[in-house]
1. Residues that are surrounded by 14 or more Cβ atoms within 10 Å (Cβ to Cβ) and aliphatic (A, V, I, L, M), at least 3 per element: which strands (runs of 3 or more DSSP E) completely within the range 109-159 meet that?
2. Between 84, 125, which is farther than 18 Å from residue 43 by Cα and charged (D, E, K, R)?
3. Could you tell me which numbered condition residue 73 fails, if it satisfies all but one of (1) touching a residue at least 40 places away in the same chain (Cβ under 8 Å); (2) part of a helix (DSSP H, G or I); (3) surrounded by fewer than 21 Cβ atoms within 10 Å (Cβ to Cβ); (4) of a type in the set (Gly, Ala, Ser)?
4. From the residues in the range 41-96 that are among the basic types (Lys, Arg) and in contact with a Leu (Cβ under 9 Å, 6 or more places away or on another chain), which one is farthest from residue 119 (Cα to Cα)?
5. Output the qualifying pairs, or none if there are none: Cβ atoms under 9 angstrom, residues six or more apart or on different chains, first residue in the range 98-120 and closer than 15 Å to residue 132 by Cβ, second residue of a type in the set (Lys, Arg).
6. Exactly one of (1) out of contact with any Phe, Trp or Tyr (no Cβ under 6 Å at 6 or more places or on another chain); (2) more than 23 Å from residue 81 (Cα to Cα) is unmet by residue 273. Its number?
Amino acid sequence: MSAEEVVGRLESGMTIGIGGWGSRRKPMALVRALLRSDVTDLTLVSYGGPDVGLLAAAGKIRRLVTAFATLDSVPLEPHFTAARQRGAFEMTELDEAMVMWGLTAAAQRLPFIPVRAGLGSDVLRVNPSLRTVTSPYEDGEELLAVPALRLDAALVHLNRADVRGNGQYLGSDPYFDDLFCQAADAAYLSCEHIVDTGDLLKDAGPQTLLVNRAFVTGVVATPNGAHFTACAPDYERDENIQRAYARAARDPEAWRTFTARFLSGDEAAYQSAVAAFHEEEPA
């Protein structure tokens, strides 16, 4: 599929999960395609990074379900911060493990999973709709019932995939992308390269085959498609572009300039603008 074909299957009001972690291996080409669409009023589930920031800046988020929103080397995602401060969307703030277990519950078609994560913290105070359950066994322990985070669609980015939807990561961390796919009614996998199925295990172990084709609806070849986030070992985070993004987010005129330069065209135009930016940098 193309990124535009993926977005053509998304609808306003959907619950969409976005894989990756902070500013690492985010499906940014798919996010940029979503920015160019009329899709809005989204419930977004994400370990937040610039995906959250860009969609917040575009006013496309109705509710955000997350544990954080960070650019990693920039501690707080600036567009998320600004949108949160002006009350631009509703927010469900969960513990990092609670997001994982909510996706796991959805993947296993369970209504909730009992966990200890979040107990003794302010999670219950800021989420009064959460409930606890008592173990039916002799221990009688009280546990937090994390509700399933069922998704209408999931967007993830991996290093390689075949045309059937088997996805492989080659970096150091899977970032729960498999759970996002399993928790979704439809999952779309973008990747740096599409390869033959037999080539997925060349120079890599079977544990790197993170996403199973049974849980993937469509595959998109998007070289450099996680930019400006990291997609190790293919490339690291583009810190210069990320700094320019963060600086621009703090000033409306600077943001209009950034948007006109990097986000006003299609993906090819974005990649060309990035290349031109680096050519202009001092040695």
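1. 142-147
2. Numbers: 84 fails: farther than 18 Å from residue 43 by Cα.
Just one listed residue meets the conditions, 125.
3. Here residue 73 meets the rest and fails (2).
4. Keep residues of the range 41-96 that are among the basic types (Lys, Arg), which gives 60, 62-63, 84, 86.
Applying the additional criterion that residues be in contact with a Leu (Cβ under 9 Å, 6 or more places away or on another chain) yields 60, 62-63, 84.
Details: 60: 32, 62: 27, 63: 23, 84: 25 Å.
Here the residue is 60.
5. From residues that are closer than 15 Å to residue 132 by Cβ, the pairs are 112/131.
6. It is condition (1) that residue 273 fails.
Since every read-out is calculated from the coordinates, none of them should be taken as a lab result. On a predicted model such as this, the values are computed, not experimentally measured, just so you know. No Cβ is skipped: glycine too gets one built from the backbone with ideal geometry, and neighbour counts run over all protein chains shown.
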